[in-house]
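To keep things clear, I will list the structure first and then write my remarks on it.
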Amino acid sequence: MSDSRDQQPYRGELRNTSEEQRAVARRLQEIDHHLSGREDLDWQSHSHLTLNRMNLSRILYYDQLYQQLIGVPGVIMEFGVQWGATLALLSNLRGIHEPYNLNRRIVGFDTFAGFPAISDQDGQSSQVGDYSVAQEHAVLLEEILGLHESASPIAHIQKYELVTGDVVTTIPAWLEDNPHAIIGMAIFDMDIYEPTKAALEAVIPRLTRGSILVFDELNTREFPGETAALNEVIGLNMIRLHHDRNQSRCAWAVWGE
């Protein structure tokens, strides 16, 4: 007999939810769509009405990480953007915690076409094209990030950037074009071995003591490539990993700790 809480084989998002939980999520989505169309309701002020515990815990997790970053110079990089939820969240956290830090640029890297290739180190759970998004979504995401940034100080200076393509080639090119850049936080959410390894190798020379490395699928059976890349580039016994009790697959490390 199968467990009703088995991980769902959805090509694009690993889910550990029961059918009952998915039914609740669908109903909350219906309510959210209904309320967002009401002209007599300030949707933004009430958006947390349908925010569930799991997504709220994700927001709190990144708020915790961002507060650790304050006082450390450098840009924030996210490797593996997909729809852009984390980039938008980071933009708003910057507006809360560092509204006048114009050098805290946020740079997102993604193919926007899903995994470009799969390595032996990635096991059997991933396929080429997983985590792809709607065509031209990167254009819409640029607009969304601009709208978020417009609500914060120094809005006339753009402090976000999207880099499209395989990170194996785009991160070396970006670093060459930005020789001044220090990396204050690097978020690795690509799940698979080759791009994670390439990004790690590229960013290490630009880290400073106190920079934060964030991993989204570490110690995850379905995505062994992320752990393999970290172990190969840095070594698991050479770095102190921290874990949040509400983010089962996530971990982070403070460089030089």
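The values are calculated or read from the model by the stated rules, or taken from the named source; none is laboratory data. Nothing here was measured: the structure is a model prediction, and the numbers come from that model. Please note: Cβ atoms are built from the backbone with ideal geometry, for glycine as well, and neighbour counts cover all protein chains shown. For the accessible areas, the whole protein counts, side chains as well, though only heavy atoms, and no ligand, DNA or RNA atoms are used. Shrake-Rupley method; radii C 1.70, N 1.55, O 1.52, S 1.80 Å.
For GLY123, indicate whether it is surrounded by 14 or more Cβ atoms within 10 Å (Cβ to Cβ), within 15 Å of the chain's Cα centre (by Cα) and in contact (Cβ under 8 Å) with a residue 24 or more places away in the chain.
Considered against the rule, which asks whether it is surrounded by 14 or more Cβ atoms within 10 Å (Cβ to Cβ), within 15 Å of the chain's Cα centre (by Cα) and in contact (Cβ under 8 Å) with a residue 24 or more places away in the chain, GLY123 comes out as no.
Would you check if THR170 is buried (at least 17 other Cβ atoms within 10 Å of the Cβ), β-branched (Val, Ile, Thr) and over 20 Å from PHE109 (Cβ atoms)?
On the way: buried (at least 17 other Cβ atoms within 10 Å of the Cβ): yes; β-branched (Val, Ile, Thr): yes; over 20 Å from PHE109 (Cβ atoms): no.
No, not satisfied.
Of everything in region 222-236 that's part of a loop (DSSP other than H, G, I, E, B) and touching a residue at least 40 places away in the same chain (Cβ under 8 Å), which residue is most open to solvent (accessible area, probe 1.4 Å)? Quick ask: steps written out before the conclusion?
First, the residues of region 222-236 that are part of a loop (DSSP other than H, G, I, E, B): 222-223, 234-235.
Still in the list and also touching a residue at least 40 places away in the same chain (Cβ under 8 Å): 222-223.
Working: GLU222: 34, PHE223: 14 Å².
The selected residue is GLU222.
Just checking, how many residues over region 81-101 are surrounded by fewer than 17 Cβ atoms within 10 Å (Cβ to Cβ) and either modelled with pLDDT under 95 or within 16 Å of VAL133 (Cα to Cα) (or both)?
Qualifying residue count, region 81-101: 1.
State yes or no: is LEU140 under 30 Å from GLY71 (Cβ atoms) and either outside any loop (DSSP other than H, G, I, E, B) or open to solvent by 60 Å² or more (accessible area, probe 1.4 Å) (or both)?
no
Out of region 240-257, which residues are in contact with a helix residue (DSSP H, G or I) (Cβ under 9 Å, 6 or more places away or on another chain), assigned to a strand (DSSP E or B) and open to solvent by 20 Å² or more (accessible area, probe 1.4 Å)?
Selection gives VAL254 alone.
Which one of these is among the hydrophobic types (A, V, I, L, M, F, W, C) and touching a Leu at 6+ places or on another chain (Cβ under 7 Å): ILE204, ILE192, ILE157, ILE239?
ILE157
From the set of residues in region 45-80 that are closer than 21 Å to PHE215 by Cβ, free of Cβ contacts under 8 Å to residues at least 60 places away in the same chain and of a type in the set (S, T, N, Q), which is least open to solvent (accessible area, probe 1.4 Å)?
Here the residue is ASN55.
Only one of (1) outside any strand (DSSP E or B); (2) in contact with a strand residue (DSSP E or B) (Cβ under 9 Å, 6 or more places away or on another chain); (3) at pLDDT 95 or above; (4) surrounded by 17 or more Cβ atoms within 10 Å (Cβ to Cβ) is not met by VAL163, so which one is it?
Of the numbered conditions (1) outside any strand (DSSP E or B); (2) in contact with a strand residue (DSSP E or B) (Cβ under 9 Å, 6 or more places away or on another chain); (3) at pLDDT 95 or above; (4) surrounded by 17 or more Cβ atoms within 10 Å (Cβ to Cβ), the odd one out for VAL163 is (1).
Would you please name the residue that is farthest from LEU56 (Cα to Cα), looking only at residues in region 210-221 that are in contact with a Phe, Trp or Tyr (Cβ under 7 Å, 6 or more places away or on another chain) and in a loop (DSSP other than H, G, I, E, B)?
The selected residue is GLU217.
Determine which member of the set SER36, SER47, SER18, SER57 is in contact with a Ser or Thr (Cβ under 7 Å, 6 or more places away or on another chain) and of a type outside the set (A, V, I, L, M).
Every option except SER18 fails the conditions.
For residues that are of a type in the set (A, V, I, L, M) and within 20 Å of the chain's Cα centre (by Cα), scanning just region 150-180, find the one that is nearest to GLY210 (Cα to Cα). I'd like the intermediate steps shown before the answer.
Taking region 150-180 as the starting set, the residues that turn out to be of a type in the set (A, V, I, L, M) are 151, 154-155, 157, 162-163, 167-168, 171, 173, 175.
Within this subset, residues satisfying the condition of being within 20 Å of the chain's Cα centre (by Cα) are 162-163, 167-168, 171, 175.
Values: LEU162: 25, VAL163: 25, VAL167: 24, VAL168: 25, ILE171: 21, LEU175: 20 Å.
Checked region 150-180; the qualifying residue nearest to GLY210 (Cα to Cα) is LEU175.
Just to be sure I understand, how many residues within region 173-209 are open to solvent by 50 Å² or more (accessible area, probe 1.4 Å) and either under 22 Å from ASN92 (Cα atoms) or assigned to a helix (DSSP H, G or I) (or both)?
Total satisfying the criteria: 7.
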